[in-house]
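Here's the structure, in structure tokens; my notes come after.
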Amino acid sequence: MSKEKKTEDLHGGSALKVNAGIEQPPSINEAAVTAFKARKPRQLSVSDYVQGILRGDRVLLSKAITLIESSLPRDFELAQQIIEKCIPYSGNSLRIGITGVPGVGKSTFIEAFGTYLTAKGNKIAVLAVDPSSEISKGSILGDKTRMEQLAVDEHAFVRPSPSAGSLGGVARKTREIIILCEAAGFNIVLIETVGVGQSETAVHSMVDFFLLLMLAGAGDELQGIKRGIIEMCDGMAINKADGDNLNKAKAAKVQYENALHLFPPPQSGWTPRVELCSAFHKTGIDKIWEMILEHKTLLKNNGFFDRKRAQQQKFSMLETINQALISSFYQNPLVTSLMPDMEAALEEKHLTSFQAAGRLLKAYFSNTGQEPPPENI
């Protein structure tokens with residue numbers, strides 16, 4: 001018998017023998033999946049958000065603000081329900097708007113001012129609005145890096161938001177964010193605007209005190225008078241009043257004080273004041289705070305404080321209506337279909353801009369079943 005035949009007989013008729021292998025584990029670890037599902041957070045309800053905000057939970061406050069800033073319809077609905085529940089707990093803070101041209105030191109001032117306030121036992125929320133790019137629509141949101149001390153202060157909450165092209169550089173949802181911050185227990189809300197020369201009506205319409213930061217020695221100190229912003233401010237602070245710039249700042253203070261008397265007296269009965277400060281050296285901050293407190297006391301005593309808040313609510317309502325009408329117009333299917341033709345007609349000089357606007361408005365009103373107002377067409 002051959003060697004191959006013997007081997008075949010020994011192994012049951014086959015020259016090959018396959019040993020039994022080790023049983024392979026399943027490709028999916030069911031235990032790990034179960035554990036992951038157990039760790040996965042459940043969808044938060046309106047009550048979860050509201051209760052978290054009321055007890056000062058910064059994580060839930062931040063998540064709620066993200067819902068407000070979101071453009072998703074489902075986030076909008078949830079955010080509105082949260083805001084409605086928080087309204088009864090809002091309105092108890094002092095709202096301070098801070099504006100000024102780029103380079104005036106707004107972030108440095110807010111850092112110094114905020115740490116001064118928290119040292120006095122206040123809880124402050126800083127809504128720092130970063131400019132959004134008109135091209136990419138992006139925003140750096142770097143205020144937390146510029147406010148190193150305030151960002152880690154347990155009594156402060158710094159929330160940068162993109163301006164998103166809204167009036168005066170103020171985020172469109174800032175008013176709603178203020179409600180949440182007040183409900184979370186912050187008794188002072190600071191709102192920083194971009195300050196790029198745009199109208200500051202937006203921030204003026206949502207704060208109790210409007211502070212304008214200025215620089216001395218940067219050109220004609222009275223150039224700012226040509227802008228309506230000085231007429232709106234409740235107080236001015238000339239920043240960087242230190243070192244060799246101190247004498248220039250003192251001279252500028254006199255000029256601004258004289259200029260403020262050229263404007264009609266405010267209905268509130270308050271006379272705007274000018275103070276000197278150095279945010280870098282943290283000098284003059286106390287004087288600015290004293291000015292703000294005196295303003296609050298005067299307006300509380302003469303009843304103008306509450307009247308101003310009521311006027312701001314009406315302004316907010318009308319602004320919301322205007323925004324909704326604008327969105328309704330541009331999202332109208334007939335308008336969107338006609339828009340390219342109107343733009344082409346303008347480029348080819350077949351229509352004036354007023355004629356093109358009139359045709360689009362007529363199309364919008366006819367599509368919504370309304371008669372267009374003759375004076376607007």
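In region 178-194, the condition of being more than 24 Å from Thr118 (Cβ to Cβ) and either crowded, with 21+ Cβ neighbours inside 10 Å or modelled with pLDDT of 80 or more (or both) is met by at least one residue. The requirement of being over 31 Å from the mean Cα position of the chain (by Cα), surrounded by fewer than 16 Cβ atoms within 10 Å (Cβ to Cβ) and either modelled with pLDDT under 85 or among the hydroxyl-bearing types (Ser, Thr, Tyr) (or both) is fulfilled somewhere in region 249-262, by at least one residue.
The set of residues in region 116-134 that are at pLDDT below 95 and touching a Leu at 6+ places or on another chain (Cβ under 6 Å) comprises Val126, Asp130.
Inside region 227-245, residues that are touching a residue at least 24 places away in the same chain (Cβ under 8 Å) and either over 28 Å from the mean Cα position of the chain (by Cα) or part of a helix (DSSP H, G or I) (or both) make up a count of 7. When region 212-226 is examined, which residues are found to be at pLDDT 55 or above, outside any strand (DSSP E or B) and of a type in the set (A, V, I, L, M, F, W, C)? Listed by number, the residues that qualify are Leu215, Ala216, Ala218.
The values are calculated or read from the model by the stated rules, or taken from the named source; none is laboratory data. Remember, it's a predicted structure, so these values are computed and weren't measured experimentally. All Cβ positions, even for glycine, are placed from backbone atoms using ideal geometry, and neighbour counts span all protein chains on display.
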